[in-house]
Structure formats: C-alpha cells, structure tokens
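Scroll down for the structure; my scribbles are underneath it.
The values are calculated or read from the model by the stated rules, or taken from the named source; none is laboratory data. Note that the coordinates shown come from a computational prediction; the quantities given were computed from them, not determined experimentally. Using ideal geometry, Cβ is built from the backbone for each residue, glycine included, and neighbour counts are taken over all protein chains shown.
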Amino acid sequence: MASGWADWPNDGSELDRQLQADTITPTALKAALLEQAKALGFSAVGVSGVDLAADEAKLWQWLQRGWHGEMDYMQRHGTRRSRPAELLPGTLRVISARIDYWPAESQPPLALLADDQRAYLSRYALGRDYHKVLRQRLQKLADWLQAQVGPVVHRAFTDSAPVLEKPLARNAGLGWIGKHTNLIDRQRGSWFFLGELFVGWPLPVDAPVSEHCGSCDRCQRACPTGAIVAPYQLDARRCISYLTIELEGSIPIELRPLLGNRIFGCDDCQLVCPWNRYAQVAQLPDFQVREGLDGPTLLALFDWSEAEFLRRTEGSAIRRLGHRRWLRNIAVALGNARPNEAIVAALLAREHDPDELVRDHVQWALQRQLHNSPRPAVPGALDLPSIPIPTRPSAQ
C-alpha cells in the first residue's frame, strides 16, 4: 500500500476503496488532493502545466516599456519567472490555490474613500500577513502529497519569489485575468489571495476558463491615476499600490493629488468590478480586521512613533513598508485633505523631520494646506454605481 493511505479517513466511498487497495489513479489522487486542500482552508485549487511561453513574451514587452518602474526584481531573474522548471528543477506541475480575504467586519470602503480625514488601506492588508498564512497551508499540502506518493520535488510560493502567479492560476482554471490584470472568478469575484505549489509529480491538469469581461470598462474608468492604460495593460508606475507600497523613494509630485486618502494600496478597480457582487467573505480568522487599521483618522496614524508603528503592524503585510514610507504616504493624504488647523499643526511638528523623504512630503502637504491648493476632480470608485460588498460566508 502506498505510504500514507492507511491514515486516510475511510468513509466507504469508491475513492477510499481505491486508496486502501493501492489502485489509486492519477485522477483519484488529484481528487483526494483537492479534498485535502479544502480541509486546509483553500477556497479553490487547480493544477496546470509549466508552459508560459505566451505570457513570457508579454512580460518582456511590459518590461521593455519600463512599466515595472523601480521593481528591478521583475527582470532580475530572467526567464526563471516564466519557466517554473528553471526556478525549481524537476517541476512538472503547478498547483495553484486561492483563499478569500475580504474581512467580514470591515467598514464600508466607499464611505472611507469619501472621508478625507480618514485613512484608506487596501482590504487585503487589514488582517494577518497573507504570505505566512498561505505558505504554511501550502507546505501542509505538500507534506500530505509526499505521504501518499513518497518524496517529491516541491516548493511553495506566496508572492515571495519570481512566479507568474496569475497566468498559472488562469491555466489551472481558477479564473481569467481581467482588464485590470487581476484574476477574476465568476463565482467569487477577485477578493482572494493566490499561492502556488511547484511539484515534480504528473497530476492531471485543469482547463483554463473563458473570459467574461466583455465590453465592461469600469475598472479603467475608476482608476484614479489612469494606470490601466488599455484593457489588460497596467503601467505600474502610475498604480497607487506601486506608489504607496513598492516605490522606495519620492512619489511623483504630479501623482500625489490623485492618491486621495489611500495610504497603503488601492482597491478601486476591484470595488467597481461587477463580478465582485459574487465575492465572499474570508473564512479564516487570520484575515479579520486588526484593531486600529480600518478607518482610523490620518492624524492618529501620523502620530505613531516608529516603535508604535512596529508594534501595531507586527504580523501584518504593512510592516514591510517601514515607518518612513508610512509617514510619507500619510503626509500625501494629509496634503489632499481639506484645509484643517489640526492637520497643519501635525505637519508643522514633522516639518523638520531628519529623514529627507518624510520631510519632502510633509513640506509638500504643508504648502497644499496653507495655500488651500485646488483639489482636482479625481476619478475613482465613488464615481461609478456601487457594487455590493461581500457579505456571504465562503462556502468551503
């Protein structure tokens, strides 16, 4: 009998009889793996091969245009990003998995975006750092697979290595890549995390699903900075998620007024996507809202010392930002707020911050506040008919 089958719970099904008799087929093994993934909290799992030739060509075209900005790591790894077997020799299949993350108790996002005195943080960042949550579960899935078939080349990835996760997930049948370049599923929208498990075992592959964006262009119209330059084309240099999370240095002056009160990431393109009316709330408690991160005032966050920032963001994806860029982002949001004496006082208190990056953005914000600079009309999710936010529990 194959190692591990004796421990599989026998409920009398045909699959269990195959397991106990050691006559398991690749299809039955995959079915058992999907059940195990479900038990680990994944909302969906699919399997793909390793051919990403078409996506490799698109990646290099994107890089040649310079749309990756300062994300040099996007080209540093050469073809390993688009050739899984180069990244992990022996890889035959990629298991793509997803977990819903919309926090059930989060405040209405459009109300936050409309309040220039409060901070908007991307919904994915309100809970625990997803890298750790997904990686642990993917490793458990790999351990289970090895218990059934013996040692297998494998490695888990959670946005932590050069992996084209959205094309892989598309090839695994988990959804299609929308015009905003996020993965969309007809039953669950796009509010989910993706993770991958590279394995050296020839599991049966799934078929990609068809695209269903049609003529909709809501995400393009809602993007505050015009980062979605064409359907399925994203210039990361203009994307608020890039500007507030990935960019190490100064945020371009011409883009600062367009950030509004978004201090960590941006969700506008997802907030207006019609398919997200079918999105479901997170099942895992890891992704519930952490205290003090959903809808606090900008002034309260701007007052955090570095020690408090580190304490409040421990175990959160926000922590990787660091205190200096945290202050940079909030300073921009304060500069975009309506003139307010309390804001001016807070900015003056940091006007001579020893960090040049912080100082530059604080002084810009002060000029905006003191001179009552005009607030340009900025496109965003507020300009389009709203989509219901997830309220249904995820069906596991």
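Quick notes
- Among the residues listed as VAL281, VAL229, VAL272, the single one being surrounded by fewer than 22 Cβ atoms within 10 Å (Cβ to Cβ), of a type in the set (Val, Ile, Thr) and more than 25 Å from LYS58 (Cα to Cα): VAL281
- Entry remark, region 1-51: residues being part of a loop (DSSP other than H, G, I, E, B) and modelled with pLDDT under 95 number 14 in total.
- Failed condition for LEU321, given (1) under 16 Å from LEU121 (Cα atoms); (2) more than 21 Å from the chain's Cα centre (by Cα): (2)
- Within region 160-186, residues that are within 21 Å of TYR130 (Cα to Cα) and in contact (Cβ under 8 Å) with a residue 40 or more places away in the chain have Cβ atoms under 9 Å from residues that are in a helix (DSSP H, G or I) and hydroxyl-bearing (Ser, Thr, Tyr) in these pairs: PRO162/TYR73; ASP185/TYR278, counting only partners at least 6 apart in sequence or on another chain.
- Filter result (farther than 14 Å from ILE387 by Cα and crowded, with 19+ Cβ neighbours inside 10 Å) within region 210-224: CYS213, GLN220, CYS223, PRO224
- All of PHE198, PHE193 fail the test of being of a type in the set (Phe, Trp, Tyr), touching a Lys or Arg at 6+ places or on another chain (Cβ under 6 Å), part of a strand (DSSP E or B) and in contact (Cβ under 8 Å) with a residue 40 or more places away in the chain, apart from PHE198.
- Output for region 302-327, where each listed residue is over 16 Å from GLU291 (Cα atoms) and polar (S, T, N, Q): SER305
- Number of positions in region 218-227 that are under 15 Å from GLY265 (Cα atoms) and within 17 Å of the chain's Cα centre (by Cα): 2
- VAL229 passes every criterion in (1) free of Cβ contacts under 8 Å to residues at least 40 places away in the same chain; (2) in a loop (DSSP other than H, G, I, E, B) apart from (2).
- Qualifying residue in region 291-298 (condition: outside any loop (DSSP other than H, G, I, E, B), of a type outside the set (Val, Ile, Thr), within 25 Å of ALA377 (Cβ to Cβ) and touching a residue at least 12 places away in the same chain (Cβ under 8 Å)): yes
- Within region 59-127, helices (runs of 4 or more DSSP H) holding 3 or more residues that are modelled with pLDDT of 95 or more and closer than 28 Å to VAL152 by Cβ: 84-87
- Residue list for region 355-373, filter: surrounded by fewer than 14 Cβ atoms within 10 Å (Cβ to Cβ) and under 22 Å from LEU243 (Cα atoms): GLU356, GLN367
- Hey, PRO376 modelled with pLDDT under 95, over 13 Å from LEU298 (Cβ atoms) and either out of contact with any Asp or Glu (no Cβ under 6 Å at 6 or more places or on another chain) or assigned to a loop (DSSP other than H, G, I, E, B) (or both) or not: yes
- Some residue of region 169-181 being in a helix (DSSP H, G or I), farther than 14 Å from GLY49 by Cα and hydroxyl-bearing (Ser, Thr, Tyr): no
- Pairs, first over 12 Å from PRO204 (Cα atoms) in region 28-55, second among the basic types (Lys, Arg) and in a strand (DSSP E or B), C-beta under 9 Å, six or more apart: PHE42/ARG98; SER43/ARG98; ALA44/ARG98; VAL45/ARG98; VAL50/ARG93
- Of note, GLY322 does not satisfy the criterion of being in contact with a Phe, Trp or Tyr (Cβ under 9 Å, 6 or more places away or on another chain), among the small types (Gly, Ala, Ser) and within 17 Å of SER106 (Cα to Cα).
Yes/no matrix, rows are residues, columns are (1) assigned to a helix (DSSP H, G or I); (2) under 27 Å from the mean Cα position of the chain (by Cα):
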residue: GLN283; (1), (2): no, yes
residue: GLU314; (1), (2): no, yes
residue: ALA333; (1), (2): yes, yes
residue: GLU351; (1), (2): no, no
